[in-house]
Each structure stands twice: as C-alpha cells, then as structure tokens.
Amino acid sequence: MTEARHKRFAIIMAGGRGERFWPLSRESTPKQLIRLLGDTSLLQETVRRIKSVIPVENILVITNESQLKAVRRQLAQLPSANVIAEPCGRDTCAAVALGAAIVAHRCADGVMAVLPSDHVIAQSRAFQKVLRDTMKVAAHNDVMVTIGIPATEPSTAYGYIRFVEKKLQAGEYDKVATSMHRVERFVEKPNRSKAKRFVQSGHYYWNAGMFIWSVNTIVHAMEKHQPAMAKVMHEWIDCAGNPRKLKDHLLCAYPRIEKNSIDFALMEKASNVIMAQGAFGWDDLGSWTALTRHVPQDAHGNAWLGQGVQIDSHQNIIFDGRHPKLRAPLALVGVKEMIVVLTDDVCLLAEKSQDQKIKAMVQTLARSSSTRHLVE
C-alpha cells in the first residue's frame, strides 16, 4: 500500500429515512439498504465502487441507531468501529464533522471524500478516476473540492453549481486528467424557468453532494465558519480512539447541535471551493419515477420489476417486493402512468405525476398507531 493510498479515507453518509421509495423502503431499511437494481444494495455498491481507491479499513459510514445493525450486517468487510451511529439527526454538517474527527484522529495529514450512500453511478471506472484526481489535488492544496455533474436537463430536483469557465492548471491541477474550475456560487433547487437558463448558459453543473478535502482544510474551515461545531469536533478528535468514550460524547453533544447542512454551513461561505467535472453516469435516484431510467421497459413503456401481463396499459412502474413465496403475476388493464409497488404488508398505487407526495403519505401513516408499523 502506497503512502498516498494509506492516507485516503471515505465518509459515507447513510442516515436516510426511507420515505421516497416507500413502501419498499422503511425507517429501518431506507433506500440505501434495499435492493432496487440488482442483488446488492446501493450502500454495498457505494463501498464496492470506492474500495479500489480507498482501503476498506479507511471507509467510514455515518448512520443512525435504527439502521446500525443492518448497515454492519451488509458491510461485514468493514471493521465494526467504522460504522458509527448518530444519536439523533442533525443534518449533514454534524455528520461530516463527526467523520472528519475520526479521520483526524487516525491520520492528521489524511485526505477524505464525503460521499452519499444511495446514488447510482453507471461508469465506475470513470468515477474512480475522478475520485483519485480530486483526492490528489486536495492532498496538496488548501481547497474544498466538490464534484459537479453535467446538467443534461433543467431539473428542479437538484442544486446547481456556477463555475468559472477557465480551467485550473497551476500546481497539481495540471497533473490530473479531471478538469477543475473555481466555484463562483452554489444555487439551491431552482424553479423550472431558472433551471432552463442555467442549463442553456453552460456555466452550471448539478451539485451531487460529493466533497473532497484534507484534514487540515476541513478543520480550518470549521474553525473559521462554524466555530461552535469546530469546538465540539475537537472534543471528538480527542476521544475518537475510544469508541465507548466517543459514544458518550455524542450522546451528550448531539442534542445541542444546531441542524445545518454542510452546503450552507461551509460550502456556500468558503472562498477556496473548486469543482471537478464528473461525467460518469450519475443519478441520485430520488423517486420511483427516476427508476425508469435504469430499468428495461416493454414496448408500451412499462417498467416491470416483477411478473405480470397487461392490456392497453402504458408508462407504468411495477415493482414486486414481496417474499418470493407470496409473489403472483399482476394483471393490468387500461392502467396508465401509475406506480404500483407490492410488499408483504401493503400495496402502493400512485400516479407518476404525484410521486413527490409519497413522502406526505409516509408522514400520514406515521401519525397513526394503527399504521405506524408500515413505515418502521
């Protein structure tokens, strides 16, 4: 193992609540833990994708107490101490600070990548190349790197990054193949009109929520922009070598931490942010409708993940998530533009145009004692 590889770490964010892919996903088994597109979960695919770049023993996963056992079970190749549960949700800034504290304790001059656990990346080798290049740049420069995705449509589901057209070339930037640019600003999810202007301008990429920086850079950024969080992070660094002591510190500190995203807390405030271009078939797979981009469809546009027959039915998504012994063919007659999801205990029928309201259904079910079990 080279010295550079030994100093590489990953922090995988795996604390999602599992609302958008209900009823297949639940609080204890959210999107990243279910098998949507094959025999492995999205979390397992995330680890598989990065382990040629980052040693397995340096991959950390930040999750929550309700998912801790499931994550450790799925990632048996990771040391158990590398899967850390937050006592309560405090958004991504706290999770990043926690992961960075553990990395800082293990390797004071390390470099780390903060990665989502539930995204789809079609071209693994292209992604690995970008990851290596960004880690090399971050290791030798005081920069906060974000990976931008070329915007192929005026999506209102993603945040955007406005970047400077001129490529960075001095220093380490001319030693890597990935194009790097200075970031001008981050833009929250826009309306349709703004999104169209962004895409047409060619100066905006999608924000994929992937960040790469060195230990020194993230510590100094926290100290400058989030001093209260930095103070707590230094306490975590001091006790990170003792899992039990760290857990006690988390239980004490977490409830008092203000909820804040890493984008708002640091990325939108920092002046040393650069963007790496990431063209590797990325999709955050944010809804059942998005699944159609990755599932074969029949001649009528129906995406089948299960057995069935249809007459005069078009553009539907059918997912049979029942136990194999309970599965039976589904017959559709005159059904159009619908989402049909079957599990052992419930069936979801929704218009595709209403898929963003599935989250509201989950919240409704959670409020009643008679249906609470359907979301747990």
Worksheet, complete the sentence: Restricting attention to region 314-345, the residues that are assigned to a loop (DSSP other than H, G, I, E, B) and over 18 Å from Pro23 (Cβ atoms) number exactly 5
Worksheet, complete the sentence: Taking region 155-185 and keeping only residues that are of a type in the set (Phe, Trp, Tyr), modelled with pLDDT under 95 and under 23 Å from the mean Cα position of the chain (by Cα), one is left with Tyr158
Worksheet item: Within region 94-120, which residues are surrounded by fewer than 22 Cβ atoms within 10 Å (Cβ to Cβ) and assigned to a helix (DSSP H, G or I)?
Response: His105, Arg106
Fill in: Candidate set from region 250-276 (those that are part of a loop (DSSP other than H, G, I, E, B) and touching an Asp or Glu at 6+ places or on another chain (Cβ under 7 Å)); member that is farthest from Ala139 (Cα to Cα)
Lys259
Worksheet, complete the sentence: When every residue in region 39-48 that is under 18 Å from the mean Cα position of the chain (by Cα) and surrounded by fewer than 18 Cβ atoms within 10 Å (Cβ to Cβ) is compared, the one modelled with the lowest pLDDT is Thr40
Discussion item. It is to be established whether one or more residues within region 289-303 are modelled with pLDDT of 95 or more and within 27 Å of Asp345 (Cβ to Cβ).
Written reply: yes
Discussion item. Looking at the structure I just gave you, is Phe163 buried (at least 20 other Cβ atoms within 10 Å of the Cβ), in the same structural domain as Asn216 (by TED's automatic domain parsing) and either without any contact (Cβ under 8 Å) to a residue 24 or more places away in the chain or farther than 25 Å from Asn260 by Cα (or both)?
Written reply: no
Item to complete: Assess whether Gly278 counts as being touching a helix residue (DSSP H, G or I) at 6+ places or on another chain (Cβ under 7 Å), of a type in the set (Gly, Ala, Ser) and either modelled with pLDDT under 95 or over 19 Å from Pro23 (Cβ atoms) (or both).
Response: yes
Practice prompt. Please go through region 4-18 and pick out each residue that is part of a loop (DSSP other than H, G, I, E, B) and either closer than 18 Å to Ile318 by Cα or at pLDDT 90 or above (or both).
Written response: Lys7, Ala14
Worksheet item: Residues in region 233-240: is at least one within 23 Å of the chain's Cα centre (by Cα) and modelled with pLDDT of 95 or more?
Response: yes
Worksheet item: Do we find that Thr29 is β-branched (Val, Ile, Thr), in contact (Cβ under 8 Å) with a residue 12 or more places away in the chain, at negative phi and outside any helix (DSSP H, G or I) in this structure?
Response: yes
Worksheet, complete the sentence: Just one listed residue, out of Val61, Val53, is surrounded by fewer than 22 Cβ atoms within 10 Å (Cβ to Cβ) and touching a helix residue (DSSP H, G or I) at 6+ places or on another chain (Cβ under 7 Å), and it is Val53
Worksheet item: Does region 151-208 hold any residues that are outside any loop (DSSP other than H, G, I, E, B) and of a type in the set (A, V, I, L, M, F, W, C), and which are they?
Response: Ile161, Phe163, Val164, Met180, Val183, Phe186, Val187, Ala195, Phe198, Val199, Trp206, Ala208
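The values are calculated or read from the model by the stated rules, or taken from the named source; none is laboratory data. What you are looking at is a predicted structure, and each value in this text was computed from that prediction instead of being measured. Reconstructed Cβ throughout: ideal geometry from the backbone, glycine too, with neighbour counts over all protein chains shown.
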